[in-house]
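Student: I have a structure I would like to understand better, so I am pasting it below and will then ask my questions one at a time.
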Amino acid sequence: MNHSQDWCSLPSTDKQQLCSFLSKCGSCLLLFSTLSFAFPGKIPTPFTTSYSAAKFALDGFFSSLRHELSMQNISVTLCILGLINTEWALESTRGKVSLPASPAPDAALAIIQGGAMCAMEVYYPGWLYSVCCLGVLFP
């Protein structure tokens with residue numbers, strides 16, 4: 001593995017291209033992040049170091065980008081989704097997760113409503129917000 005890669009240039013280039021695209025095409029950017037099995041990206045968990053690092057980096061990048069783009073009247077909404085009742089999700093979590101899956105149409109509606117209201121973050125199902133807040137308060 002080559003560790004000499006310039007990691008700062010990647011987000012900078014991505015940001016420039018994204019800003020150019022959004023200024024031409026619209027004023028709302030919706031991003032999706034699944035909480036997976038252990039809430040990486042919102043709550044630090046053991047044994048998910050690399051995955052959590054990537055999720056925290058995405059959260060930080062797009063949260064910072066949200067503030068920069070808000071000056072141009074462009075909103076950035078991060079959608080944090082739990083287990084959604086889709087064939088792929090149910091198949092890949094079978095025997096690993098005992099939580100009930102949430103209906104996909106309701107998840108789609110929550111995403112659309114969050115984007116339309118220019119919300120900073122959308123948590124679906126809603127109880128994920130409480131879990132993330134508790135994880136911050138009680139690590």
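The values are calculated or read from the model by the stated rules, or taken from the named source; none is laboratory data. From a predicted model like this one, the values you see are computed outputs, not experimental measurements. All Cβ positions, even for glycine, are placed from backbone atoms using ideal geometry, and neighbour counts span all protein chains on display.
Student: So which residues in segment 62-120 are small (G, A, S), surrounded by fewer than 13 Cβ atoms within 10 Å (Cβ to Cβ) and within 18 Å of the chain's Cα centre (by Cα), if there are any at all? Let's see the steps before the verdict.
Tutor: Applying the first criterion (small (G, A, S)) to segment 62-120 yields 63-64, 70, 75, 82, 89, 92, 95, 98, 101-102, 104, 107-108, 110, 114-116, 119.
Still in the running and surrounded by fewer than 13 Cβ atoms within 10 Å (Cβ to Cβ): 92, 95, 98, 108, 116.
Those that are small (G, A, S), surrounded by fewer than 13 Cβ atoms within 10 Å (Cβ to Cβ) and within 18 Å of the chain's Cα centre (by Cα): A108, A116.
Student: Being among the small types (G, A, S) and modelled with pLDDT under 85 is the filter here; which residues of segment 61-97 pass it? Show your work before the answer.
Tutor: The initial filter retains those residues of segment 61-97 that are among the small types (G, A, S), namely 63-64, 70, 75, 82, 89, 92, 95.
Once the filter is applied, which keeps residues that are among the small types (G, A, S) and modelled with pLDDT under 85, segment 61-97 yields S70, G82, A89, S92, G95.
Student: I need the full set of residues from segment 71-107 which are in a helix (DSSP H, G or I) and either in contact with a Cys (Cβ under 9 Å, 6 or more places away or on another chain) or not hydroxyl-bearing (S, T, Y) (or both), in order please. Walk me through how you get there before you give the answer.
Tutor: Initially, segment 71-107 is screened for residues in a helix (DSSP H, G or I), giving 87-93, 104-107.
Those that are in a helix (DSSP H, G or I) and either in contact with a Cys (Cβ under 9 Å, 6 or more places away or on another chain) or not hydroxyl-bearing (S, T, Y) (or both): E87, W88, A89, L90, E91, A104, P105, D106, A107.
Student: Here is a check on your reading of the model: is T49 more than 20 Å from C118 (Cβ to Cβ), among the β-branched types (V, I, T) and modelled with pLDDT of 75 or more?
Tutor: Against the criterion (more than 20 Å from C118 (Cβ to Cβ), among the β-branched types (V, I, T) and modelled with pLDDT of 75 or more), T49 qualifies.
Student: While we're on this one: With the requirement that a residue be over 19 Å from L83 (Cβ atoms) and part of a loop (DSSP other than H, G, I, E, B), what does segment 117-139 give you? Give the steps one after another, and end with the answer.
Tutor: First, pick out the residues of segment 117-139 that are over 19 Å from L83 (Cβ atoms): 117-120, 133, 136-139.
Answer for segment 117-139, where residues must be over 19 Å from L83 (Cβ atoms) and part of a loop (DSSP other than H, G, I, E, B): M117, C118, A119, M120, F138, P139.
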